[in-house]
Amino acid sequence: MGDTEDPRIRHYRESVVDRTQELIKWAERLKRDILPRVDTLYGFFNNYYSGHSPTDCNRMKRLLGLDTVVPDFERQLSLF
């Protein structure tokens, strides 16, 4: 999901492309068609969508009425 050649996305530290309206459409469809039929839903986000996948994930969670998680960048400086 997202354009790997989008010139607006030069790094992956923050959301730089506003995709809120697209996420609203996804959330509405999920709430209407999917969530009533499942117990667990997994979502996968990548940085090419808006520049920062944790921001997109939290935005979607808010739209679905779920709690969000704020990344602790001081504790996690790298994955390895």
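The values are calculated or read from the model by the stated rules, or taken from the named source; none is laboratory data. The shown structure was predicted, so the numbers you read here are calculated from the model rather than taken from an experiment. Using ideal geometry, Cβ is built from the backbone for each residue, glycine included, and neighbour counts are taken over all protein chains shown. Quick note on the areas: whole protein, heavy atoms, side chains included, nothing else; ligands and nucleic acids left out. Shrake-Rupley method; radii C 1.70, N 1.55, O 1.52, S 1.80 Å.
Considering region 6-34, and only residues there that are in a loop (DSSP other than H, G, I, E, B) and of a type in the set (Lys, Arg), the residue that is least open to solvent (accessible area, probe 1.4 Å) turns out to be Arg19. The set of residues from region 35-56 being exposed (fewer than 11 other Cβ atoms within 10 Å of the Cβ) and aromatic (Phe, Trp, Tyr) comprises Tyr42, Phe44.
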